[in-house]
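The values are calculated or read from the model by the stated rules, or taken from the named source; none is laboratory data. Predicted, not measured: the structure shown is a model, and the values here were computed from it. Cβ coordinates were reconstructed from backbone atoms using ideal geometry, including for glycine residues, and neighbour counts include every protein chain displayed.
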Amino acid sequence: MITSKLPNVGTTIFTTMSQLAAETGALNLSQGFPDFNGPQALLDAVGQHVASGHNQYSPMTGLPALRQQVSTKIARSYGVSVDPDSEVTITPGATAAIFCAIQAVVRRGDEVIIFDPCYDSYAPSVELAGGRCVHVQLSLQRFALDFEKLKAALSPRTRMIVLNTPHNPTGALISRAELDQLADLIRDRDIYLLSDEVYEHLVFDGVPHVSVLAHAELYPRAFVVSSFGKTYHVTGWKTGYVVAPPALTAELRKVHQYVNFCCVTPLQFALADFMATHPQHVDALPAFYQAKRDLFCDLLAPSRLSFTRVAGTYFQLVDYSQIRPDLDDVAMSLWMTREHGVASIPISVFYQHPPQGQRLVRLCFAKREETLQQAAEKLCAI
């Protein structure tokens, strides 16, 4: 007999909806991946490094040249210096980075505060470490941090707080003032932060991304996670990184070396080359994805869906209350996929206790213009 270590976990909603989209021929706006390729120079570099023989193990901490490029990008983007040798670790994707960071510091009986709705890998990682998740709901209107609820959730057992900005699934951003307020709240407590910033360069309307890396008081207790896959349109490469102070990095690496040890070597070489020769790539991302957001929202304007344009990420939340208020969001996502040919993600799966009556689904707009036009046509016809 098997006693599951994750008894409440099944197949993820992303797998379920992508599989259903494939079976029905629906446009897949559910799982968060582009339907276009990464930069050609980056793709060409992979082949060159494979052919050059860069196909063996890379260092456990990541290729030195890539760690240096991460450090350079951080200095350029946020005006702060991190040591590529003692503070940057390359990981096989952001999900693995999150897992390793949690395993590194969360002990049996510890509590970890996560904000609902939240990305679905946080809670299982905490549970596998022997910790307990304390769920705090973001505000229903703006999906902002509720500091009264957060303060009430803190206890002597609180070991970590997980932040996510820009936020998946809502696109909400955390401001500098909110980070300052958080610093005030935990200043005299032994609490670590995990800041999931994989969409750091997908922030719109001229608003800058506020990173924990640039917060002098919070960074010394933080693991900051990002993703090459999101930034360079190559999600299938599953390559990311963690930046943390030297003592926390040392603990993270103890776990990382026994989870994957290292990442795919030629991909690291290619990323290092591309980052060195195309540093401006990240500068163009806000406008690139904002144009897709605006196109998609403009195309959806005649529909019976209601929405507020997201501030970040490549996901747009839409309220379908005027179409099928009788369906909960899981049923609505299935109905839209099967009957109208557009796959989405229901928001309730990101909550421990979904708000009653919420009628929201998430649509990915990291797609070609023709894909967005086809999807909008189908949605406007409902």
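Any residue in the range 127-140 that is surrounded by fewer than 16 Cβ atoms within 10 Å (Cβ to Cβ), modelled with pLDDT of 95 or more, in the same structural domain as D184 (by TED's automatic domain parsing) and assigned to a helix (DSSP H, G or I)? There is at least one residue in the range 127-140 that is surrounded by fewer than 16 Cβ atoms within 10 Å (Cβ to Cβ), modelled with pLDDT of 95 or more, in the same structural domain as D184 (by TED's automatic domain parsing) and assigned to a helix (DSSP H, G or I). Of the helices (runs of 4 or more DSSP H) lying entirely inside the range 1-109, those carrying at least 3 residues that are under 30 Å from A216 (Cβ atoms) and either touching a residue at least 40 places away in the same chain (Cβ under 8 Å) or assigned by TED's automatic domain parsing to the domain that holds H209 (or both) are 64-78, 94-105.
The one condition from (1) more than 16 Å from L163 (Cβ to Cβ); (2) in the same structural domain as I102 (by TED's automatic domain parsing) that L285 does not meet is (2). Quick check on my filter: what residues within the range 318-353 are free of Cβ contacts under 8 Å to residues at least 12 places away in the same chain and within 20 Å of the chain's Cα centre (by Cα)? Correct list: empty. I74 fulfils the conditions (1) modelled with pLDDT of 95 or more; (2) within 30 Å of L379 (Cα to Cα); (3) within 19 Å of the chain's Cα centre (by Cα) except for a single criterion, (2).
Checking A65, A104, A96 one by one, the residue that is hydrophobic (A, V, I, L, M, F, W, C) and more than 24 Å from the chain's Cα centre (by Cα) is A65 and no other. Inspect the range 181-197 for any residue being outside any loop (DSSP other than H, G, I, E, B), at negative phi, among the aromatic types (F, W, Y) and modelled with pLDDT of 95 or more and give the result as yes or no. Yes: the range 181-197 contains one or more residues that are outside any loop (DSSP other than H, G, I, E, B), at negative phi, among the aromatic types (F, W, Y) and modelled with pLDDT of 95 or more. Identify all residues within the range 346-378 that are out of contact with any Pro (no Cβ under 7 Å at 6 or more places or on another chain), outside any helix (DSSP H, G or I), on the phi < 0 side of the Ramachandran plot and not basic (K, R); write none if there are none. Across the range 346-378, the qualifying residues are P346, Q352, H353, P354, P355, Q356, Q358, L360, L363, C364, F365. Among the conditions (1) within 30 Å of Q40 (Cα to Cα); (2) among the charged types (D, E, K, R); (3) free of Cβ contacts under 8 Å to residues at least 24 places away in the same chain, D196 misses just one, which is (3). Going through (1) hydrophobic (A, V, I, L, M, F, W, C); (2) surrounded by fewer than 23 Cβ atoms within 10 Å (Cβ to Cβ); (3) within 24 Å of S344 (Cα to Cα) one by one, V198 falls short only on (2).
Evaluate the range 271-292: report whether one residue or more is crowded, with 22+ Cβ neighbours inside 10 Å, aromatic (F, W, Y) and over 16 Å from the mean Cα position of the chain (by Cα). Within the range 271-292 (the criterion being crowded, with 22+ Cβ neighbours inside 10 Å, aromatic (F, W, Y) and over 16 Å from the mean Cα position of the chain (by Cα)), the answer is yes, since at least one residue qualifies. Scan the range 332-345 for residues that are part of a helix (DSSP H, G or I) and among the aliphatic types (A, V, I, L, M) and the total you get is 3. Of all residues in the range 349-370, exactly one satisfies the criterion of being surrounded by 19 or more Cβ atoms within 10 Å (Cβ to Cβ) and of a type in the set (G, A, S), namely A366.
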